Amino acid sequence: VTPHNSAHNPQHLLRLAGMPAETLRSLLARANDHADHRVAASTPLAGRTVATLFFEDSTRTRTSFTLAATRLGATVADLSTVASSVNKGESLTDTALSIEAMGVHAFICRTAQSGGPDLIASAVRGSVINAGDGRHEHPTQGLLDTLAIARAHARIDFDLTGLTVAIVGDCAHSRVARSDAAALTALGARVVLVGPPSMVSRSLADALNCDYTHDLDALLPEADAVQMLRVQFERGARIASPRQYRAGYALTAERARTMKQNAVVMHPGPMNRGIEIDGPVADSDGSTLPKSLVLEQIRLGVSVRMAALESLLAPPQTGSAPSTRTVARAAHAGAAS
Ligand code: NCD
């Protein structure tokens, strides 16, 4: 399946590429309100059933979605084990259709193939949220990273003009890099991909509307945020040796000291401490090394997923809705009750 950057379809959250800046801003503003507990507790998703369908394991992302949906009052069914029926020869879409027949209103999908969630979205009536597909996109991660950067730099109008964000490491295999780049560039930030030639190229940078460099040391003093990526060996990443990779691209304490004082360090996890990032950098409270947002990213992930679920399943009837799909929602509610 080849995912394509089709016009933004407000029924699903499949990608950030092509999402209008105003849609990004209203999702981020809502997530920011959740993060600061400015939204009165309520259960707009009461009576709705959300299924998590992870064909590739990720306890952390799945748990984050489960907490977000539960806080909004939804019933959550973890159907990741059903994913094993695909191994018995059933197709991705047959699996999704049988789950939908049980009365599921939304699917949160992670697939090893790029385009898996697009395929499911084309088959089911309900909403699909892409929780990471191959090396394509991971839209809620892109939103939470953007929210973390905006908050750290007091840009909660979500205009990131003038900020430089470095995305460092295995960009070639990274769905996080693609979603981060889409959101950050749409909001005006300058994004620079940094890594060895096997992981960062001109064609990738051009496709993502980013700059690129192979020289981390030269870029670090300019960056306002540095997002470190895991080397994705399971997707075919090759490095000459961990020592050589570290020499060029690890965020060590020594390197982190060359960053601006108010710059922040980020990592989507899971981290390989001692390979792409060192422990003291990952754990820094900002007193002697740049502040690490690693745990803040995880905290904001729940807020972002609440905002995304609300926008798809419980759009406000009036006012500044993140998106509106009242017609589709009403039709679906009638069909699946
Ligand atoms: C990322 C992913 O799965 O794409 N992790 C995550 O969502 N927690 C990044 C990674 O696996 O390196």
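The values are calculated or read from the model by the stated rules, or taken from the named source; none is laboratory data. Note that the coordinates shown come from a computational prediction; the quantities given were computed from them, not determined experimentally. In case anyone asks, the SASA skips ligands and DNA or RNA and just uses the protein heavy atoms, side chains included. Shrake-Rupley method; radii C 1.70, N 1.55, O 1.52, S 1.80 Å.
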- request: Please give the per residue accessible area of the chain, computed with a probe of 1.4 Å over protein heavy atoms only, in Å².
  value: 41 Å²
query: What residue among Ala314, Ala225, Ala41 has the largest mean-square fluctuation in a Gaussian network model of the chain, using Cα springs under 10 Å?
result: Ala41
message: Counting only protein heavy atoms and a 1.4 Å probe, tell me what percentage of the chain's accessible area is made up of carbon and sulfur.
response: 52 percent
message: Given the -39500 (n - 2.57) contribution per DSSP H run of 4+ residues, what per-residue ellipticity at 222 nm results for the chain, rounded to the nearest 500 deg cm²/dmol?
response: -11000 deg cm²/dmol
